[in-house]
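Structure first, then comments.
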Amino acid sequence: MEQLLDACVGLKLLKVDIQNNKGYYSNTHVSTEYLVKSSPRTLYHMMMYFSNTVYKCCHFLPQAVREGKHQYENAFGISSKEIFEWIYRSEEEILTFIRFMDSIWNICGKGIIQAFDLSAFHTVYDLGGCSGGLAKQIVSTYKDSTVTIMDLPKVVQTAKKHFVTDKEKQIHFLEDFFNDPLPEADLFILARIIHDWTEEKCIALLRKIYQSCRPGGGVLLVEIILNEDRSGPVISQMWSLNMLVMTEGKERTPSEYIKLLTDSGFMDIKVKATGKIYNAILGRK
């Protein structure tokens, strides 16, 4: 135990006070804020998801590199053609994944919403909006906006049960978004969606959004962005490997996102760094 605690001191996760040749260990500010489960900014759920799912898929990184495809079947022995059938393979896994996706918005959400002035967009659809974490940031910043979250039926049911209460009148839900027609809206948000898919699927979804986007409206992409020469940041490069072992997609450069949006009909595209892990790309119709 002492060896483990000392290693955590070296990692700046704990601090130690030596008294009478005995070590008294306590949390640092970092661990109190990000690793304690009850903290408002906790990354506990992210750590659990990485430990139980991502790391197991990463055991098969060599196969992913050779085959160019995700490794859920090798890691978990589950056969399916649909990525999210693996991710949502049980009610427990659904809740674990949604909590993981939700936790990051307590840290990054405000920077995303404030990257551009979104006050002109009153009707917002958050496609793949999961728990509603980003939707809550929008309605708290833009009081005249309503956000409709579109996601898979299992996710919508879980989000209503655990994350969004009836008191939050500005947030609504609809099921699915890849297969069903999209209602008209001023703004469509795709947060951590595009990096899941191939170029072909991204273009198909973005063109569908373009058709339903009102004139003067837009689409907001929220993604981890690679440098144009792919030299970094290292967090983006590592996340791209995560996408390799877990999805059909990858992280992309600014020019790659601009091309996807341009090919889908959008124009006046702007990329904004937030200083956090996620950045924002806004295209207009």
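Laid out as a table, the results:
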read-out	value
In the stretch 104-213, lysine pairs with alpha-carbon atoms under 17 angstrom apart (chain gap of 8 or more, or interchain)	10
DSSP bridge orientation in the chain - percent antiparallel, rounded to nearest 5	45 percent
For the stretch 279-285, 3J(HN,Hα) per residue [Karplus equation, 6.51 cos²θ - 1.76 cosθ + 1.60, θ = phi - 60°, Hz, x = Gly/Pro]	10, 10, 10, 10, x, 10, 9
Two-site FRET efficiency, Ile277 against Lys37, from Cβ-Cβ distance with R₀ of 30 Å, rounded to 0.05	0.90
Computed magnitude of the charge dipole of the chain (debye, nearest 20; Cβ of K, R +1, Cβ of D, E -1)	520 debye
The chain - accessible surface per residue (Å², probe 1.4 Å)	51 Å²
Vicinal HN-Hα couplings computed from phi for the stretch 258-263 (Karplus, 6.51 cos²θ - 1.76 cosθ + 1.60; Hz; Gly/Pro x)	4, 5, 4, 6, 4, 5
Estimated [θ] at 222 nm from DSSP helical runs (n ≥ 4, -39500 (n - 2.57)) normalised by residues in the chain, nearest 500	-11500 deg cm²/dmol
Accessible surface, 1.4 Å probe, highest first, among residues Met246, Met238	Met238, Met246
Net charge over other residues, Cβ less than 10 angstrom from the Cβ of Trp197 (K, R count +1; D, E count -1)	-2
Whole-Å distance, taken between Cα centres, linking the stretch 1-25 and the stretch 137-180	44 Å
Qualifying trypsin sites (Lys or Arg not before Pro) for the stretch 94-196 [loop in DSSP, other Cβ within 10 Å: at most 13]	Lys143, Lys167, Lys169
Carbon + sulfur, % of accessible area of the stretch 174-285 - ligands and nucleic acids excluded, 1.4 Å	57 percent
Dimensions in Å of the stretch 98-227 - Rg and Dmax from alpha carbons	13.7, 42
Per-pair calculated FRET efficiency, R0 = 51 Å: Asn21 and Thr165 via Cβ, rounded to 0.05	0.45
Answer label for Cα extents along the principal axes in Å (calculated), chosen among (i) 72, 47, 40; (ii) 52, 41, 35; (iii) 47, 42, 38	(i)
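The values are calculated or read from the model by the stated rules, or taken from the named source; none is laboratory data. For clarity, every value in this text was computed on a predicted model and none was experimentally measured. Positions of Cβ are backbone-derived with ideal geometry, glycine not excepted, and every protein chain shown enters the neighbour counts. Ligands, DNA and RNA are excluded from the accessible area calculation, which covers all protein heavy atoms including side chains. Shrake-Rupley method; radii C 1.70, N 1.55, O 1.52, S 1.80 Å.
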